[in-house]
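The values are calculated or read from the model by the stated rules, or taken from the named source; none is laboratory data. Note that this is a predicted model, so its numbers are computed, not measured. Neighbour counts are summed over all protein chains in view; Cβ atoms, including those assigned to glycine, are modelled from backbone coordinates with ideal geometry.
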Amino acid sequence: MRAKRTLLALALPFALLLPAACGGADEGGGDSGTLRILTNLPDSDSKGKQLTTIIANFQKANPGVKIEREDAPAPEEAHNRYEQAKLAGNEPDIVITNLFGKPTSWLDNGATVDVAKDAKDWGLESLFLPEALNAWRKPDGRLQGFPWEGFTWPVWYNLDLLNKAGVAKVPTTTDELIDATKKLRAAGIQPIVTGGKDWSGNKLFSLIVESMTTDEQALAAFRDGAWDTPEVKAGIELFTKLRDAGVFTDSAEGLTADQQRSTFGAGKAAIMHGGSWDYGSADIPTAKNANIELGGFPLAPSSTRQKPVIYTDFTATGVWISPKGQDKAATVEKFVKHLYTPESLGLLVEAGALAPVADDKVKVDKSTLPKLYVQASEKLKATTEVAVLSDVHVPTKSQTGFERATSLAFTPGTSADDIIKALKQAWQ
């Protein structure tokens, strides 16, 4: 008897049929020349392997176009390489990387070009979720790049470890979280592991603060350094209360994101704030083998939010065009359209790599997706509330100081007032 394959309807980009405006992406191989592409997606990354196939398919359909691809091992390295190449007047035509840190100033500095008109002229604009495009728009309407990959960033709960410690259910309030912490520590299990030294702890700090604010109040802190308003201060005081209750792992202020992943992956901590990029990670055995429940960060009684909070955004990967790429508009258009064909996006979906950036639904074979990816798509929207991510709102000059201040926040004994002082200094 034939086994039935269960199909899961996910809100993934894009529908199997694209508008006619995109139909010509791979028709005719008349274009010639070379496209130089810089990415932070090497073949060691599952998305990088799929990108290799996507590029090979493009070249089969367009044999006159040569692709020269350079892969950096990490986003920060890709950002540095691009800026160095731009200064030397030898930048690539296309960059595929995230919208964080240095790239947030590229368009303003003339390092990349506004693609708002291209999105319309190439028939791509109407395909994106408004929030996906808005994540890449400047306040004046300019579009920094084409969103290609979004993400969810929930809280991971290892139910096996919680149950072992006598915690019957995932905590949804801070009182329940503190009670769970006591039981976990009594059982010799660390509670929330986080990289207090770097960006991972920085984002957890921000999420906790935002559980006590509105998005507008959080944006005022991220954009303008308004860290001393009553609502934001209440969030920082909640953070110090949780820290002093032992909610975070021992020596969290000295840990990195890699140590966070390895500690949780080894089953040495029960909870972490982790992104969808790790749903199928071989580096986190518990992602595949343990009983993991995804949820949000628990709320205090006086929280402004209705449900536990998570992050979701569309800035994980995008497609940027350089001034040199603009000079090859016809070939760049053809390649960019190819990245958004159902076939290309389907390869990324198979890797469990994409969060929705478009309205349409596509049926995906559930068996090809990481189980946490499936759980997130089925559950998180109903059980959590999304807070605003700081990445594109914090001024570039303040980002390093922001991380230093949040590392200080994880240090035992640091008061809320001292944390606020450090944060405000980062915005001066």
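Just checking, does region 182-205 include any residue being under 30 Å from residue 240 (Cβ atoms) and of a type in the set (Phe, Trp, Tyr)?
Among the residues of region 182-205, at least one is under 30 Å from residue 240 (Cβ atoms) and of a type in the set (Phe, Trp, Tyr), which makes the answer yes.
For region 223-260, which residues satisfy the criterion of being of a type in the set (A, V, I, L, M), part of a helix (DSSP H, G or I) and closer than 26 Å to residue 396 by Cβ?
Of everything in region 223-260, those that are of a type in the set (A, V, I, L, M), part of a helix (DSSP H, G or I) and closer than 26 Å to residue 396 by Cβ turn out to be 232, 236, 257.
On the basis of being within 16 Å of the chain's Cα centre (by Cα), modelled with pLDDT under 95 and buried (at least 21 other Cβ atoms within 10 Å of the Cβ), does residue 131 make the cut?
So residue 131 fails the test.
Looking only at residues in region 63-81 that are touching a Phe, Trp or Tyr at 6+ places or on another chain (Cβ under 8 Å) and modelled with pLDDT of 95 or more, which one is farthest from residue 199 (Cα to Cα)?
The qualifying residue farthest from residue 199 (Cα to Cα) is 65.
If we keep just the residues of region 134-176 that are without any contact (Cβ under 8 Å) to a residue 40 or more places away in the chain and touching a strand residue (DSSP E or B) at 6+ places or on another chain (Cβ under 7 Å), which is surrounded by the most Cβ atoms within 10 Å (Cβ to Cβ)?
Among them, the one singled out is 143.
Out of 318, 280, report the one residue that is within 27 Å of residue 368 (Cα to Cα), surrounded by fewer than 20 Cβ atoms within 10 Å (Cβ to Cβ) and under 20 Å from the mean Cα position of the chain (by Cα).
That would be 280, the only listed residue that is within 27 Å of residue 368 (Cα to Cα), surrounded by fewer than 20 Cβ atoms within 10 Å (Cβ to Cβ) and under 20 Å from the mean Cα position of the chain (by Cα).
Can you tell me which residue within region 368-393, out of those that are assigned to a helix (DSSP H, G or I) and in contact with a Ser or Thr (Cβ under 7 Å, 6 or more places away or on another chain), is surrounded by the fewest Cβ atoms within 10 Å (Cβ to Cβ)?
380
Can residue 334 be described as surrounded by fewer than 22 Cβ atoms within 10 Å (Cβ to Cβ), under 27 Å from residue 90 (Cβ atoms), modelled with pLDDT of 90 or more and of a type outside the set (S, T, N, Q)?
No: the conditions fail for residue 334.
Filter region 18-57 down to the residues that are part of a loop (DSSP other than H, G, I, E, B) and at pLDDT 50 or above and list them by number.
31, 32, 40, 41, 42, 43, 44, 45
Which one of 119, 78, 85 is of a type in the set (A, V, I, L, M), more than 30 Å from residue 200 (Cα to Cα) and touching a Leu at 6+ places or on another chain (Cβ under 9 Å)?
119
May I ask you to say which residue of 355, 287 is of a type in the set (Gly, Ala, Ser), farther than 20 Å from residue 218 by Cβ, assigned to a helix (DSSP H, G or I) and at pLDDT below 80?
Step by step, each of 355, 287 is checked, and only 287 is of a type in the set (Gly, Ala, Ser), farther than 20 Å from residue 218 by Cβ, assigned to a helix (DSSP H, G or I) and at pLDDT below 80.
List pairs: first residue in region 310-324 and on the phi > 0 side of the Ramachandran plot, second residue basic (Lys, Arg) and modelled with pLDDT of 90 or more anywhere in the structure, Cβ distance under 9 angstrom, at least six positions apart or on different chains.
Within 9 Å, no pair qualifies.
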